[in-house]
């Protein structure tokens with residue numbers, strides 16, 4: 001699967017204790033296989049929460065959560081992305097079968113990350129964010145939101161390339177919900193087409209985000225599927241090529257109808 005095959009569905013598989021269901025990790029592996037069957041092209045596996053205010057965990061604990069899942073699911077043929085800021089976790093995940101690094105810090109959190117990605121030659125998602133999960137909410141002041149986000153992404157792309165990361169291996173993510181207010185998230189989505197200037201695939205993660213709760217009137221994140229679908233289809237209309245989502249089956253159906261109505265090429269169902 002090439003980065004440019006749009007739309008690509010990236011299924012969120014959070015290997016954190018509060019995400020386990022039924023029988024723990026076994027159920028999470030089952031959920032990953034279910035997502036693939038439902039149409040996920042990529043499984044994005046993470047073991048550390050990076051939402052605003054989240055408490056960091058040691059890399060070894062993070063790895064103990066994600067590596068068994070990666071080994072099991074990659075062994076079933078799934079295309080795996082490791083959602084981490086830590087170079088040691090990136091390395092261990094790639095060794096276990098992951099093929100993509102998805103770093104919310106844009107390879108800035110760990111100075112060893114960019115050289116590692118360059119050495120391994122893997123694909124990488126560079127997301128825009130500011131600060132850390134503990135500080136990002138205080139860093140939501142921008143002169144011109146979109147211009148500033150683009151400029152900061154340029155800096156991260158250039159730093160990655162200087163470290164030896166191939167440009168064709170890079171996708172970008174404007175970082176919906178990371179160091180942005182609800183209104184800023186809306187503005188980013190409305191102006192998402194401006195990110196085509198990079199000539200790189202654009203990943204968007206809007207699934208269950210707090211701005212959907214704000215504008216959709218739903219405080220319960222688990223009840224934000226309708227708003228998540230609306231935002232995802234809007235993102236596709238404005239240039240998103242990769243959608244990072246919790247609800248694969250529902251999103252896949254919505255995207256198929258969007259493709260049909262918009263007469264878009266149908267690449268859904270190509271699998272991992």
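Could you list, in sequence order, the residues of region 38-53 that are out of contact with any helix residue (DSSP H, G or I) (no Cβ under 6 Å at 6 or more places or on another chain) and in a strand (DSSP E or B)?
Here is the first cut: in region 38-53, the ones out of contact with any helix residue (DSSP H, G or I) (no Cβ under 6 Å at 6 or more places or on another chain) are 41-42, 44, 46, 49-51, 53.
Those that are out of contact with any helix residue (DSSP H, G or I) (no Cβ under 6 Å at 6 or more places or on another chain) and in a strand (DSSP E or B): 42, 44, 46.
Of all residues in region 157-205, count the ones that are in contact with a strand residue (DSSP E or B) (Cβ under 8 Å, 6 or more places away or on another chain) and not in a helix (DSSP H, G or I).
So the answer is 15.
Which one of these does residue 266 not meet: (1) at pLDDT below 95; (2) within 18 Å of residue 192 (Cα to Cα)?
It is condition (2) that residue 266 fails.
Determine which single condition residue 132 fails, assuming it passes every other condition in (1) buried (at least 21 other Cβ atoms within 10 Å of the Cβ); (2) under 18 Å from the mean Cα position of the chain (by Cα).
(1)
Give the residues of region 206-215 that are assigned to a loop (DSSP other than H, G, I, E, B) and either farther than 29 Å from residue 168 by Cα or out of contact with any strand residue (DSSP E or B) (no Cβ under 7 Å at 6 or more places or on another chain) (or both), sorted by residue number.
Answer for region 206-215, where residues must be assigned to a loop (DSSP other than H, G, I, E, B) and either farther than 29 Å from residue 168 by Cα or out of contact with any strand residue (DSSP E or B) (no Cβ under 7 Å at 6 or more places or on another chain) (or both): 206, 208, 209.
Go through region 85-111 and count every residue that is surrounded by fewer than 24 Cβ atoms within 10 Å (Cβ to Cβ) and part of a helix (DSSP H, G or I).
7
Select from region 54-84 the residues that are in a loop (DSSP other than H, G, I, E, B), modelled with pLDDT of 95 or more and within 23 Å of residue 178 (Cα to Cα) and list them in ascending order.
84
Rundown of residues vs (1) out of contact with any helix residue (DSSP H, G or I) (no Cβ under 7 Å at 6 or more places or on another chain); (2) crowded, with 17+ Cβ neighbours inside 10 Å; (3) in contact (Cβ under 8 Å) with a residue 40 or more places away in the chain, yes/no style:
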{"position": "181", "(1), (2), (3)": "yes, yes, yes"}
{"position": "188", "(1), (2), (3)": "no, yes, yes"}
{"position": "196", "(1), (2), (3)": "yes, no, yes"}
{"position": "222", "(1), (2), (3)": "yes, no, no"}
{"position": "231", "(1), (2), (3)": "no, yes, yes"}
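Does residue 78 count as closer than 23 Å to residue 38 by Cα and either surrounded by fewer than 20 Cβ atoms within 10 Å (Cβ to Cβ) or free of Cβ contacts under 8 Å to residues at least 12 places away in the same chain (or both)? Lay out the reasoning, then the answer.
Values: closer than 23 Å to residue 38 by Cα: yes; either surrounded by fewer than 20 Cβ atoms within 10 Å (Cβ to Cβ) or free of Cβ contacts under 8 Å to residues at least 12 places away in the same chain (or both): no.
No; evaluated as a whole, the condition is false for this residue.
Residues 239, 227: which one is farther than 26 Å from residue 138 by Cβ, touching a helix residue (DSSP H, G or I) at 6+ places or on another chain (Cβ under 6 Å) and crowded, with 21+ Cβ neighbours inside 10 Å? Step through it out loud before you land on a result.
Numbers: 239 fails: crowded, with 21+ Cβ neighbours inside 10 Å.
Just a single option satisfies the conditions, and that option is 227.
Consider only pairs whose beta carbons are under 6 Å apart and that are at least six residues apart or on different chains; among these, list those whose first residue lies in region 4-33 and is at positive phi and whose second residue is at pLDDT below 90 and not in a helix (DSSP H, G or I).
Qualifying pairs under 6 Å: none.
Among 124, 146, which is the only one that is in contact with a helix residue (DSSP H, G or I) (Cβ under 7 Å, 6 or more places away or on another chain) and over 29 Å from residue 29 (Cα atoms)?
146
Could you check region 216-250 and list, in sequence order, the residues that are part of a helix (DSSP H, G or I), in contact with a strand residue (DSSP E or B) (Cβ under 8 Å, 6 or more places away or on another chain) and within 11 Å of residue 9 (Cα to Cα)?
232, 248
Only one of (1) buried (at least 20 other Cβ atoms within 10 Å of the Cβ); (2) modelled with pLDDT of 95 or more; (3) within 18 Å of residue 47 (Cβ to Cβ) is not met by residue 126, so which one is it?
Here residue 126 meets the rest and fails (3).
The values are calculated or read from the model by the stated rules, or taken from the named source; none is laboratory data. In this text the structure is predicted, and so the values were computed from the model without any measurement. Cβ: placed from backbone, ideal geometry, glycine included. Neighbour counts: every protein chain shown.
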